[in-house]
Amino acid sequence: VQLQASGGGVVQAGGSLRLSCVSSASIYGLSFMGWFRQAPGKQREMIATIDDRGITNYEDSMKGRFIISAVNAKNTVYLQMNSLGPDDSAVYYCNAVQLMATRREYWGQGTQVTVSS
């Protein structure tokens with residue numbers, strides 16, 4: 001499974017961005033997909049996940065400003081980000097997990113988001 005993330009860029013504080021993650025395989029076969037981010041000098045942190053039933057889960061600090069969604073027919077997961085601030089500047093990564101006989105995890109290449117004050 002290959003994941004291609006896009007949609008990052010430079011935005012002013014208070015602005016919005018929508019990230020997209022396209023999977024090379026049908027997302028019906030993926031148990032979870034999600035978004036993570038990593039700022040310079042910090043650990044990678046989870047933002048949100050969505051499972052194969054469409055059930056979403058958010059890191060508490062991300063609730064309200066970030067919205068994860070999926071369009072199965074397009075094999076695409078989105079992350080809508082609103083009211084962005086400089087602390088949201090990071091590389092954003094798409095993630096997918098398959099829970100079958102073994103657990104398999106996949107990562108996209110990351111897309112840079114920079115929020116200017």
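The values are calculated or read from the model by the stated rules, or taken from the named source; none is laboratory data. Keep in mind that this is a model prediction, so the values were computed, not measured. Here the Cβ positions follow ideal geometry from the backbone for every residue, glycine too, while neighbour counts run over all protein chains shown. Remember, those area values only see protein heavy atoms, side chains included, never the ligands or the DNA or RNA. Shrake-Rupley method; radii C 1.70, N 1.55, O 1.52, S 1.80 Å.
Beta carbons closer than 9 Å, at least 6 apart along the sequence or on distinct chains, pair a first residue in region 36-61 that is among the acidic types (Asp, Glu) with a second that is open to solvent by 40 Å² or more (accessible area, probe 1.4 Å) and part of a loop (DSSP other than H, G, I, E, B) for GLU45/GLU59.
Here THR76 does not fit the description of being touching a strand residue (DSSP E or B) at 6+ places or on another chain (Cβ under 6 Å), closer than 18 Å to GLN43 by Cα and hydroxyl-bearing (Ser, Thr, Tyr).
Filter region 1-11 down to the residues that are aliphatic (A, V, I, L, M) and open to solvent by less than 30 Å² (accessible area, probe 1.4 Å), then identify the one that is farthest from THR56 (Cα to Cα). If we take residues in region 1-11 being aliphatic (A, V, I, L, M) and open to solvent by less than 30 Å² (accessible area, probe 1.4 Å), then VAL11 is farthest from THR56 (Cα to Cα).
Kindly provide the set of residues from region 88-109 that are over 19 Å from SER24 (Cα atoms) and loosely packed, with under 11 Cβ neighbours inside 10 Å, ordered by number. It would help to see each step written out before you state the result.
Taking region 88-109 as the starting set, the residues that turn out to be over 19 Å from SER24 (Cα atoms) are 88-91, 101-102.
ALA101, THR102 - these are the residues of region 88-109 that are over 19 Å from SER24 (Cα atoms) and loosely packed, with under 11 Cβ neighbours inside 10 Å.
The set of residues in region 72-87 that are among the hydroxyl-bearing types (Ser, Thr, Tyr) and surrounded by 14 or more Cβ atoms within 10 Å (Cβ to Cβ) comprises THR76, TYR78.
Going by the structure shown, is GLY14 open to solvent by 40 Å² or more (accessible area, probe 1.4 Å), out of contact with any helix residue (DSSP H, G or I) (no Cβ under 7 Å at 6 or more places or on another chain) and on the phi > 0 side of the Ramachandran plot? It is true that GLY14 is open to solvent by 40 Å² or more (accessible area, probe 1.4 Å), out of contact with any helix residue (DSSP H, G or I) (no Cβ under 7 Å at 6 or more places or on another chain) and on the phi > 0 side of the Ramachandran plot. Residues in region 17-29 that are assigned to a loop (DSSP other than H, G, I, E, B) and surrounded by 13 or more Cβ atoms within 10 Å (Cβ to Cβ): ALA25 only. Taking region 30-70 as the range and being open to solvent by less than 50 Å² (accessible area, probe 1.4 Å), outside any strand (DSSP E or B) and closer than 16 Å to ALA90 by Cβ as the test, the residues that pass are ALA39, MET62. For region 63-80, the tally of residues that are over 10 Å from the mean Cα position of the chain (by Cα) and under 20 Å from ALA13 (Cβ atoms) stands at 3.
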